[in-house]
Structures are given as structure tokens and as C-alpha cells.
């Protein structure tokens, strides 16, 4: 059911789907022995175990581990859905006040009395990561919050460069800051990083070029968009086309800081994968070799394909004019939720306010999202 190359899959399924997917498999071969299979699949379908083999969290038999994982995931989803229901209260506040449904409606005393919230209160990170949450990279702009890094640290390094990497990381948007990439490569010997940025020629100076792990970092001068355009210079690619070009069937961690392109890029990959098998969708390529539909190797229980991103770490850019109002942004956010993504951590980028940019509203935020 799962490709043996999949490693970390912290997936918490959509409310519309009935599957809660926690871990995918890690195989170094075909054996199911404990030494060769570090992680095992856990699915919960309407509260029932679908696949009984779980990573044994706290006992060699795995009995306690199974109960803990099931309870944790179900409890986290209930908490998350409670938060989703509370959005209606915010919408009711908008209706009572008669105000426009602005992203940042709380301006002045009247705004505080009627609409004491911002757009980030609609997207509360209410799902609990079942692992440790660690910040990797420098303090300040550049570092990111990672769920389950210890799982990736446990993966073995591949034995030869002919073998597929057990851990795939994509980094979209480099500029001059690569402390995150350096930290991940230094700590997780089984991970390999593909970095993309059309505005620079290489990773930032924080990547230790003399370290043994530097060969696991690959930089491509290209941009990310909703539609591939390989006639541009530098070219721009959709995420699903990059998966095909790189012969990757999944991404363990996808870091995205691409100044507003995140909205079209995520809509595009969701449209490409969240479809019934056997159907086709116009997506991606500009006539290049990557044109065509991605294979649906994994299906959710609603019969639609699964987006093969385990953990999305995205800086959301709400520049003036990008979204007309709160409902417009929430339409995009709810597409993520419908594809199974759940926010587990958030960190506002307050530099937007202190520099300031635009109107000094906190328009940028880092969000860690497990899918």
C-alpha cells in the first residue's frame, strides 16, 4: 500500500476524509523485523484501527504504544475540530458589528470592543504534534519549528549514492539564510535537501561547505509556482512537477518561504493529487517532460489521492491586496484542511511590524503544518 521509500509521514487527515494517518513506513529492505522497519503505518478509520502495526512508543510489545497513539490522535482531532467550530463565533462578531471582514479588523477602541481578533486567530495551531517540537536554525528570521526531528535523526544514512534517500527535504526560498538546512543535515544523516530559489545562486553562507554532509545538499536556481514555466529564465516549477523531475514520491519536510507564491503552489498540488484514481486534471507543465498527472500511489478513505507532503513549514505572506478579506483567505486555508493538513505550531514574523512594512500589521507568520 505504501512505497517503501516513504519515511516520516506525520499526517492527520481531513475532516472530510475518515482516515487519520500518523506514520508511513521506513524500510531498508523487505523484512518486517524491528531492526529493518523503524516506523509502521497507523490508520484510524472512524475510531477503529485499520492497520494494527504501530511504532511501539513505550513498550517492546507495542501494546501501550498503540493505545497511546490512537488516543493522542483522536484527542488532538477533537481539539482541532473544537477550534474549527469556534470560528463561527468570530464570524458572528463580524455580523453583529456590521464591519467589513478585514484580515486585521481590530483597529482602535471600537475595533477592540467588537472584533478583538486578527486573521491568525482563525488559524490557531490546535493539533498536537505526537513527538517533540524543536526549533532548528538560528533564532530570529530563518529558524523553523520541526515536529518529530528525532524520528528523522534515527534514520540510517544510505549506503551508496545509487540508493534512494530515506528522507527527502525540499527548501523553497533560500535568499541568504540556510541555518535551517545546515542544522537538518548535521543532525539527520539520512536526509537529503533540494533547495530552490530563482533570486540567488546557491545556499546561504550558514551551510557548512567543509562538512561531510554538504554532498547531501542540492541547489537549483529556479522558482516555485502553481504552474510550471520552463521557458522563463530562471524556470518556475509546480511542486508536483518537481516530484516527478526528481523521481520522488514524497517529501518528508517542505519548507516554503516564497513571498506569496505559496498560495498558488499549494492549490496546484492539492488539485493534482486530491482526485479520484483514473481521472485527469490539467496541471503543471509548460509542455516539458514533466507534463501529465502525478500517480496516485496512496488514497485517502474518501477515495481521493493523498498529497505526499508529510510536514509543511510555510511562511504565509498576507501583503496588502493579496486577499480581499477573511473569507477569501480562509477559502485557501480550508483547502489545506480539506487535504488533511493540520497546523501544529505558529510563530508570527514580528519584523513586519518593527521594521515596519506596509501598515505595520503582523501580515507574515510562520506556520508548521502536519498533513
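The values are calculated or read from the model by the stated rules, or taken from the named source; none is laboratory data. Small disclaimer: the values here were computed from a predicted structure and weren't measured. Cβ: placed from backbone, ideal geometry, glycine included. Neighbour counts: every protein chain shown.
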Hits in region 199-221 - residues which are buried (at least 20 other Cβ atoms within 10 Å of the Cβ) and part of a loop (DSSP other than H, G, I, E, B):
203, 207
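Going by what's in this entry, would residue 104 be described as surrounded by 19 or more Cβ atoms within 10 Å (Cβ to Cβ) and either touching a residue at least 40 places away in the same chain (Cβ under 8 Å) or part of a helix (DSSP H, G or I) (or both)? Show your work before the answer.
Working: surrounded by 19 or more Cβ atoms within 10 Å (Cβ to Cβ): no; either touching a residue at least 40 places away in the same chain (Cβ under 8 Å) or part of a helix (DSSP H, G or I) (or both): yes.
No: the conditions fail for residue 104.
Which one is modelled with the lowest pLDDT among residues in region 327-356 that are part of a loop (DSSP other than H, G, I, E, B) and either surrounded by 16 or more Cβ atoms within 10 Å (Cβ to Cβ) or under 15 Å from the mean Cα position of the chain (by Cα) (or both)?
Going through region 327-356, the residues part of a loop (DSSP other than H, G, I, E, B) turn out to be 339-341, 349-350, 355-356.
Still in the list and also either surrounded by 16 or more Cβ atoms within 10 Å (Cβ to Cβ) or under 15 Å from the mean Cα position of the chain (by Cα) (or both): 339-341, 349.
On the way: 339: 93, 340: 90, 341: 94, 349: 94.
Per the stated criteria, the residue is 340.
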Just name the residue that is modelled with the highest pLDDT out of those in region 267-287 that are more than 21 Å from residue 253 (Cβ to Cβ) and buried (at least 16 other Cβ atoms within 10 Å of the Cβ).
271
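Restricting attention to region 163-189, which residues are part of a loop (DSSP other than H, G, I, E, B) and within 18 Å of residue 134 (Cα to Cα)? Working first, answer last.
So the first thing to find is which residues in region 163-189 are part of a loop (DSSP other than H, G, I, E, B), and the list is 163-166, 173-178, 188-189.
Within region 163-189, 178, 188, 189 meet the criteria.
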Among the numbered criteria (1) touching a helix residue (DSSP H, G or I) at 6+ places or on another chain (Cβ under 6 Å); (2) part of a strand (DSSP E or B); (3) under 27 Å from residue 323 (Cβ atoms), which single criterion is violated by residue 127?
(2)
